[in-house]
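Have a look at the structure below, then the notes.
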Amino acid sequence: MLAHDKIHPHHYLYPLAAMLLWAGNVVVSKLAAASIAPTAITFYRLVLVLLVMTPFVARPLWRNRVAIRRHWWQLALCGVMAMALFQSLSYRAAESTTATNMAIVTALAPLMTAILSVLLLGEQLTLGMALGGLLSFGGLLYLVGRGDMLVLLHEGVHAGDALMLLACLVFALYGVLLRRWRLAVPAWQAIYCQAWAALLCMLPFFLRLPAGSAPLNEATLPLIAYAGIGSSIVLSYLWIEGVKRLGPNRCSIFVNLLPILTALLAIVWLHDTLHAFHLIGGGISLLGVLLAQTVQRPVFARNTIASQA
């Protein structure tokens, strides 16, 4: 960040508002589980995103068609991962786990991204990643086991928690691919192209839905509107602006607020009960994420220096 790019206190409102909208989306996912199929709400939200964005993005996109054509398959793959697979798995997970559990697992995305960056991009392993990864994994086991990790040996992991963990892994891989490719495409155009790819991916599954599983009524329309406009468009804008003003590292810290905000909304809207294992397991997991984000000392620094001598 340049010296003249002064950070104002109100800049922190961008990632904070984004996390609040993301927490609302987790709650919406839980509400949608009882009224509409995961495939249907994923498909409808993509349709809404494209309807809203087309008047604003279509012309600039056409002018930038050479760059779009050059990166079309990367944009398509990212769209399938982030807007189709991640969202579908999240909605499916909401059928058998709590909103608080979903948020805590989702908050592990920065840590997963960092670990995948080491494995796939050859980035240096830091002490924070190593210790934070172990700490977060232990906290996650405590959370999923509802305070008793030995339960997992007998009952296994609940389907919803496993699906959410898989969704988080997909989202982390999406972030790593974006970092690797560094696509020369403006953010809004990239989101628009990814939405088209995700829509085409979801279309065959949507057409195969049984009758009555994709209703458009007074119960589902507000959920689709929030998912399409609030979560996909407004949240994306706030996050992009936050990264622009604060940088990615400062913004990533705000992901740690997601479980807290989600738990508060779930208590109010869903009448969820916050248990001690949420606080302990979630707290340990988030402490691990924070450790990974803040402790940047390389694990193999001495070996690297010795090899260069």
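The values are calculated or read from the model by the stated rules, or taken from the named source; none is laboratory data. Keep in mind the model is a prediction, meaning the values are calculated, not measured. FYI the Cβ positions are ideal-geometry reconstructions off the backbone, even for glycines, and counts take in every protein chain you see. What goes into the accessible areas is simple: the full protein's heavy atoms, side chains included, and nothing from ligands, DNA or RNA. Shrake-Rupley method; radii C 1.70, N 1.55, O 1.52, S 1.80 Å.
Quick notes
- Candidates Ala198, Ala187 - the one that is aliphatic (A, V, I, L, M) and surrounded by fewer than 17 Cβ atoms within 10 Å (Cβ to Cβ): Ala187
- Restricted to the stretch 1-75, the set of helices (runs of 4 or more DSSP H) holding at least 3 residues that are buried (at least 21 other Cβ atoms within 10 Å of the Cβ) and of a type in the set (Gly, Ala, Ser) comprises 13-32.
- Selection from the stretch 92-126 of residues that are outside any helix (DSSP H, G or I) and touching a Cys at 6+ places or on another chain (Cβ under 9 Å): Ala107, Leu108
- The residues listed here are Ala167, Ala227, Ala211; of these, the one that is of a type in the set (Gly, Ala, Ser), on the phi < 0 side of the Ramachandran plot and touching a Lys or Arg at 6+ places or on another chain (Cβ under 6 Å) is Ala227.
- Qualifying residue in the stretch 300-309 (condition: of a type in the set (A, V, I, L, M) and surrounded by 14 or more Cβ atoms within 10 Å (Cβ to Cβ)): no
- Residue in the stretch 263-277 that is touching a residue at least 40 places away in the same chain (Cβ under 8 Å), touching a Ser or Thr at 6+ places or on another chain (Cβ under 8 Å), of a type outside the set (Ser, Thr, Tyr) and open to solvent by 30 Å² or more (accessible area, probe 1.4 Å) present: yes
- Residue match in the stretch 79-90 (condition: open to solvent by less than 40 Å² (accessible area, probe 1.4 Å), of a type outside the set (A, V, I, L, M, F, W, C), at pLDDT below 90 and in contact with a Lys or Arg (Cβ under 9 Å, 6 or more places away or on another chain)): no
- Qualifying residue in the stretch 231-244 (condition: farther than 11 Å from Ala18 by Cα, touching a residue at least 40 places away in the same chain (Cβ under 8 Å) and open to solvent by 60 Å² or more (accessible area, probe 1.4 Å)): no
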